[in-house]
2 protein chains.
Amino acid sequence: MKINVMTDVLEANDRIAAGNREVFDRHKNLVLNLMSSPGAGKTTLLERTAEALQGKLRLGIIAGDIETTRDKERLDKYDLPVVQLNTGSACHLDANMISSALPHIDLASVDVLVIENVGNLVCPAEFKVGEDFKIMILSVTEGDEKPLKYPLMFRESSLLLVNKIDLLKYTNFGLKEAKANARKINPGIEIIDISCITGEGIAEWTAWLSGCYQKKFGTNSRA
Amino acid sequence: MKINVMTDVLEANDRIAAGNREVFDRHKNLVLNLMSSPGAGKTTLLERTAEALQGKLRLGIIAGDIETTRDKERLDKYDLPVVQLNTGSACHLDANMISSALPHIDLASVDVLVIENVGNLVCPAEFKVGEDFKIMILSVTEGDEKPLKYPLMFRESSLLLVNKIDLLKYTNFGLKEAKANARKINPGIEIIDISCITGEGIAEWTAWLSGCYQKKFGTNSRA
């Protein structure tokens with residue numbers, strides 16, 4: 001008898017993720033699973049997003065980290081519902097962790113829930129958490145060949161944000177090559193260049209968010 | 001009965017790692033397990049190291065990647081023994097993967113073997129592969145709080161290379177804070193600032209390598 005532990009683990013995870021998804025749909029939450037390498041700019045993006053969505057869509061955040069509550073501390077100044085999940089040593093969030101966080105966040109007050117995954121370009125892509133979309137950040141300091149070397153996350157993501165575009169001129173990152181590589185792995189992936197420092201692309205990103213909300217719920221906002 | 005799968009996996013891995021270590025010692029190899037986030041500069045560091053060690057210590061490389069042979073292609077121009085390991089979907093190298101690579105590299109011709117791990121700041125730190133030292137790269141574009149958020153790798157590493165120091169002035173990375181954070185996690189960690197673009201710190205890094213070789217084998221070189 002061959003025991004495929006990973007298949008069993010993923011099937012159990014998918015069942016719990018489907019349960020989370022039902023909860024989110026009932027509360028009219030658009031849910032995004034935000035993934036990237038460590039330091040690609042997930043938390044800074046959420047800071048800019050909180051500012052840009054003010055008075056439009058109500059943002060909520062579940063922030064996953066192995067240790068520390070630094071992300072929550074950075075996000076708390078925006079007066080949003082933020083839950084910090086510490087995974088201990090786990091290298092990704094899974095559906096069960098998200099399920100355990102749900103009692104700690106008022107989903108009825110949230111339009112867009114972003115689940116900020118552990119910084120890791122590999123493992124998070126394997127685990128659904130109940131999201132509508134997986135999205136990811138690649139920063140230009142990481143190198144333009146990353147879609148080919150870490151294909152699963154690029155394959156799973158609906159949107160790729162190319163971040164730190166303000167640093168492009170100081171690197172040997174080929175922006176065209178990076179996008180061609182990403183589309184080789186996932187021809188349908190949408191791509192937006194952004195800088196959380198200069199603000200470039202942030203309006204385009206929040207328009208993408210509003211568009212997804214509109215498509216899912218047929219309205220621009222619940223307010 | 002409680003089955004602790006992870007403990008069993010790590011114990012089995014440690015046994016195979018000890019076997020690899022015996023093979024390395026017999027061939028008089030100093031072995032380093034090089035870890036970092038994706039895009040922190042592992043392969044570029046190996047390019048600079050190959051140049052700097054020419055005529056001194058003989059370098060060999062086992063390059064781990066989920067997919068592609070790009071790292072091997074970049075390193076092949078240096079006329080070194082280079083083996084590319086593709087892990088398929090595995091997010092780290094383990095001792096068994098390294099064991100399977102050993103028949104493909106002429107260890108008798110190698111003084112310093114660098115095992116370039118999969119780009120991942122989390123999982124590789126849990127798995128010994130038979131190395132003398134774990135070492136790691138943190139690039140300044142990743143953020144100075146990373147030692148606190150991803151403590152295991154900083155705890156396990158003997159040496160921290162702070163890379164892309166040439167980009168420091170374009171970031172909000174606090175160099176002192178990063179080092180203090182690393183030393184809070186691992187008071188004995190050695191730290192060298194480097195730039196693989198300007199060459200800053202590369203001589204200090206290769207001196208560190210030579211010192212380790214000298215300490216292990218009582219000589220500066222086998223040649």
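Values in this text are rule-based calculations from the coordinates and carry no lab data. This one's a predicted model, so the numbers in the text were calculated from it and none came from an experiment. Note that each Cβ is placed from the backbone with ideal geometry, even for glycine, and that neighbours are counted across all protein chains shown.
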*What's the FRET efficiency of residue B:190 with residue A:76 using the Cβ-Cβ distance as r and R₀ = 35 Å, to the nearest 0.05?*
0.45
*Cα atoms only, the range A:5-217: Rg and Dmax in Å?*
16.3, 47
_Order of B:127, B:217, A:133 - criterion: other Cβ atoms within 10 Å of each residue's Cβ, fewest first_ = B:217, A:133, B:127
*Cα centre as origin, Lys/Arg/Asp/Glu Cβ charges: the range A:135-223 dipole, Debye*: 300
*Taking each label point as 7 Å beyond Cα in the direction of the beta carbon, state the distances from residue B:9 to the same residue in the other copies, shortest first, in nm.*
0.4
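When the helices in chain A are scored as -39500 (n - 2.57) per DSSP H run of 4 or longer and the sum is shared across all residues, what 222 nm value do you end up with, to the nearest 500 deg cm²/dmol?
-11000 deg cm²/dmol
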*asked:* Quick check for me: using +1 on Lys/Arg Cβ and -1 on Asp/Glu Cβ, what's the dipole size of the protein assembly as shown about its Cα centre, in debye to the nearest 20?
replied: 140
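Just list whichever of A:56/A:169; A:56/A:134; B:146/B:169; B:28/B:128; B:72/B:164 have alpha carbons separated by over 24 Å in the model shown.
A:56/A:169, as the Cα separations exceed 24 Å there.
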_Output wanted: per-residue J couplings in Hz (rounded whole) for the range A:41-46, from phi through Karplus 6.51 cos²θ - 1.76 cosθ + 1.60, θ = phi - 60°, x for Gly and Pro._
x, 4, 5, 5, 4, 5
*With charges set only on the Cβ (+1 for Lys and Arg, -1 for Asp and Glu), what does the dipole of the range A:100-162 come to about its Cα centre, in debye to the nearest 20?*
220
*Enumerate the calculated ³J(HN,Hα) couplings along the range B:108-115 in order (Karplus 6.51 cos²θ - 1.76 cosθ + 1.60, θ = phi - 60°), each rounded to whole Hz, writing x wherever the residue is Gly or Pro.*
5, 9, 10, 9, 10, 9, 9, 9
*asked:* Let me confirm one metric for peptide B:168-175, namely the mean number of other chain beta-carbon atoms within 10 Å of its residues' beta-carbons.
replied: 2
_Taking only Cα atoms of the range B:41-163, radius of gyration then Dmax in Å_ = 14.3, 41
*Cβ-based charge dipole, the protein assembly as shown, positive-most Cα from B:207, B:157, A:19*: B:207
*Which ³J(HN,Hα) values in Hz, rounded to whole numbers, follow from the phi angles of the range B:18-34 under the Karplus curve 6.51 cos²θ - 1.76 cosθ + 1.60, where θ = phi - 60° and Gly and Pro get x?*
5, x, 4, 4, 4, 4, 5, 5, 4, 8, 6, 9, 7, 10, 10, 9, 9
*Tell me the distances, shortest first, between residue B:203 and the same position across the other copies, using label points 7 Å along Cα→Cβ, in nm to one decimal.*
5.1
*Which whole-angstrom value gives the distance between the alpha carbon centres of the range A:193-223 and the range A:65-103?*
23
*asked:* Which of B:157, A:210, A:89 has the fewest other C-beta atoms within 10 Å, and how do the rest follow up to the most?
replied: A:89, A:210, B:157
*Kindly provide the pair-distance distribution of the protein assembly as shown built from C-alpha pairs, with 20 Å bins from 0 and whole-percent values in order of increasing distance.*
25, 56, 18, 1
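Work through the residues other than residue A:88 whose Cβ is under 12 Å from its Cβ and net out their charges, Lys, Arg +1 and Asp, Glu -1.
-2
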*Residue-count net charge about residue B:162 - beta-carbon cut-off 12 Å; Lys, Arg +1, Asp, Glu -1*: -4
*What is the mean number of Cβ atoms from other protein chains located within 10 Å of the Cβ atom of each residue in peptide A:137-147, rounded to a whole number?*
4
*For the rotation that brings chain B onto chain A, whose beta-carbon in chain B is nearest the axis, and what is that distance in whole angstrom?*
B:141, 2
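Fewest to most neighbouring Cβ within 10 Å: what's the order for B:126, A:11? Please report the intermediate quantities before stating the final value.
Values: B:126 17, A:11 10.
Going from sparsest to densest Cβ surroundings: A:11, B:126.
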*Can you list, shortest first in nanometers, how far residue A:214 lies from the same residue in the other copies, with each label 7 Å from Cα toward Cβ?*
6.8
*Mind checking which of A:6, A:54, A:30 is farthest towards the positive end of the range A:1-77's charge dipole, using Cβ charges of +1 (Lys, Arg) and -1 (Asp, Glu) about the Cα centre?*
A:54
_residue A:83 long-range amide H proximity, modeled H, under 5 Å_ = A:61, A:62, A:63
*Can you work out the FRET efficiency for the pair residue B:155 and residue B:56, with r the C-beta to C-beta distance and R0 = 30 Å, to the nearest 0.05?*
0.45
